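**Student:** Dropping a structure here in structure tokens format, bear with me for questions.
The values are calculated or read from the model by the stated rules, or taken from the named source; none is laboratory data. As the structure is a computational prediction, the values presented were derived from the model and not from experiment. Because the Cβ atoms are built from the backbone with ideal geometry, glycine has one as well, and the counts that use them run over all protein chains shown. The protein model used for the area step is the full one, side chains on, heavy atoms only, and it has no ligands, DNA or RNA in it. Shrake-Rupley method; radii C 1.70, N 1.55, O 1.52, S 1.80 Å.
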Amino acid sequence: MVRIKICGITRPEDGAEAARLGADAIGLVFYDKSPRNVTLAQARAVIAALPPFVTVVALFVNPAREWVERVLAGCAIDVLQFHGEEEADFCRSFQRPYLKAVRVRPGVDLMQMARSYSDARGLLADAFVEGAHGGTGATFDWTLLPDDLSLPLILSGGLDEKNIEEAVRRVRPAAVDVSSGVEAAKGIKDAARMAAFISGARHGSV
């Protein structure tokens, strides 16, 4: 069964609703250029509203080491997600499970990325949009994804309640990650869209 992450949570009620609807994980964005950026206080409030066994993922884009360490010291984070150009040694240096995001376009060698970040929990495939690091709502050509990737594949990029079932059926990812595709406004999740997305993902993985 495909795993589901709802990213860009900014409000406790949205995190709690995502969990109630069946999300396996929620994502908190610690990147000040994102409209979904959260403070440590906001993050703690979201985490406090979650039931047991929901994974909390902290997303960073080319962060300073001190910022990652401050977040880890201040919040109960389960997994780190690196969405920039972070080197593998940096990603693994925090002694915490991590995911590495790759912005997919022709010429990007996903097999080599998987080898370089061989200890990552998964490789997150997102759309390449110049100057942006996720949350754009853009899709990419799924045929660019290799069938024999050495790491679990997490599919992201432009997913929503309308295309998620087809995406899961075609790509057969280990997990899917959505942010803008289930929103009423940037950083504000829509419960009906989250429900439809989760239902579509589950149907697609049967």
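**Student:** For the stretch 162-187, enumerate the residues that are outside any helix (DSSP H, G or I), open to solvent by 40 Å² or more (accessible area, probe 1.4 Å), over 20 Å from L149 (Cβ atoms) and at pLDDT 95 or above. If you could, list the steps in order and put the result at the bottom.
**Tutor:** Within the stretch 162-187, the subset outside any helix (DSSP H, G or I) is 162-163, 172-179, 183-187.
Filter once more, keeping what is open to solvent by 40 Å² or more (accessible area, probe 1.4 Å): 162, 172, 174, 184-186.
Applying the additional criterion that residues be over 20 Å from L149 (Cβ atoms) yields 162, 184-186.
Those that are outside any helix (DSSP H, G or I), open to solvent by 40 Å² or more (accessible area, probe 1.4 Å), over 20 Å from L149 (Cβ atoms) and at pLDDT 95 or above: K162, A184, A185.
**Student:** Inspect the stretch 20-38 for any residue being over 26 Å from V102 (Cα atoms) and without any contact (Cβ under 8 Å) to a residue 40 or more places away in the chain and give the result as yes or no.
**Tutor:** yes
**Student:** With the structure loaded, tell me whether G15 is assigned to a loop (DSSP other than H, G, I, E, B) and among the small types (G, A, S) or whether it fails that test.
**Tutor:** Numbers: assigned to a loop (DSSP other than H, G, I, E, B): no; among the small types (G, A, S): yes.
Criteria not met by G15.
**Student:** Determine, yes or no, whether F60 is within 17 Å of the chain's Cα centre (by Cα), closer than 22 Å to S116 by Cβ and among the aromatic types (F, W, Y). Break it down into steps so the answer makes sense when it comes.
**Tutor:** Working: within 17 Å of the chain's Cα centre (by Cα): yes; closer than 22 Å to S116 by Cβ: yes; among the aromatic types (F, W, Y): yes.
Yes.
**Student:** Only one of (1) at pLDDT 95 or above; (2) open to solvent by less than 40 Å² (accessible area, probe 1.4 Å) fails for F140. Which number is that?
**Tutor:** (1)
**Student:** Would you mind finding the one in V79, V68, V108, V54 that is among the hydrophobic types (A, V, I, L, M, F, W, C) and closer than 19 Å to F140 by Cβ? Break it down stepwise before answering.
**Tutor:** Numbers: V79 fails: closer than 19 Å to F140 by Cβ; V68 fails: closer than 19 Å to F140 by Cβ; V54 fails: closer than 19 Å to F140 by Cβ.
Only one candidate passes the filter, namely V108.
**Student:** Looking at the stretch 80-92, which of its residues are out of contact with any helix residue (DSSP H, G or I) (no Cβ under 8 Å at 6 or more places or on another chain) and either open to solvent by 20 Å² or more (accessible area, probe 1.4 Å) or of a type in the set (G, A, S) (or both)? Write out each step before concluding.
**Tutor:** Initial filter on the stretch 80-92 (out of contact with any helix residue (DSSP H, G or I) (no Cβ under 8 Å at 6 or more places or on another chain)): 81, 83-87, 89, 91-92.
Hits for the stretch 80-92 are G84, E85, E87, D89, R92.
**Student:** Based on this model, can you work out whether A48 counts as open to solvent by less than 60 Å² (accessible area, probe 1.4 Å) and either over 20 Å from G181 (Cα atoms) or among the small types (G, A, S) (or both)? If you could, list the steps in order and put the result at the bottom.
**Tutor:** Numbers: open to solvent by less than 60 Å² (accessible area, probe 1.4 Å): no; either over 20 Å from G181 (Cα atoms) or among the small types (G, A, S) (or both): yes.
When the stated conditions are applied, A48 does not pass them.
**Student:** Working only within the stretch 57-74, note down all residues that are over 16 Å from I154 (Cβ atoms), in contact (Cβ under 8 Å) with a residue 40 or more places away in the chain and open to solvent by 10 Å² or more (accessible area, probe 1.4 Å).
**Tutor:** The one that is over 16 Å from I154 (Cβ atoms), in contact (Cβ under 8 Å) with a residue 40 or more places away in the chain and open to solvent by 10 Å² or more (accessible area, probe 1.4 Å): V61.
**Student:** Across the stretch 5-50, which residue is modelled with the lowest pLDDT among those that are polar (S, T, N, Q) and in contact with a strand residue (DSSP E or B) (Cβ under 9 Å, 6 or more places away or on another chain)? Spell out the reasoning first.
**Tutor:** Looking only at the stretch 5-50, we keep the residues that are polar (S, T, N, Q), and these are 10, 34, 37, 39, 42.
Applying the additional criterion that residues be in contact with a strand residue (DSSP E or B) (Cβ under 9 Å, 6 or more places away or on another chain) yields 10, 34, 37, 42.
Values: T10: 98, S34: 94, N37: 98, Q42: 98.
Of everything passing the filter in the stretch 5-50, S34 is modelled with the lowest pLDDT.
**Student:** Additional query: Among (1) aliphatic (A, V, I, L, M); (2) modelled with pLDDT of 95 or more; (3) touching a helix residue (DSSP H, G or I) at 6+ places or on another chain (Cβ under 7 Å), which single condition is V104 missing?
**Tutor:** Only one criterion is unmet by V104, namely (2).
**Student:** Let me ask something else about it. Being among the small types (G, A, S) and open to solvent by less than 50 Å² (accessible area, probe 1.4 Å) is the filter here; which residues of the stretch 145-161 pass it? Walk me through how you get there before you give the answer.
**Tutor:** Residues of the stretch 145-161 among the small types (G, A, S): 150, 156-158.
Matches in the stretch 145-161: S156, G157, G158.
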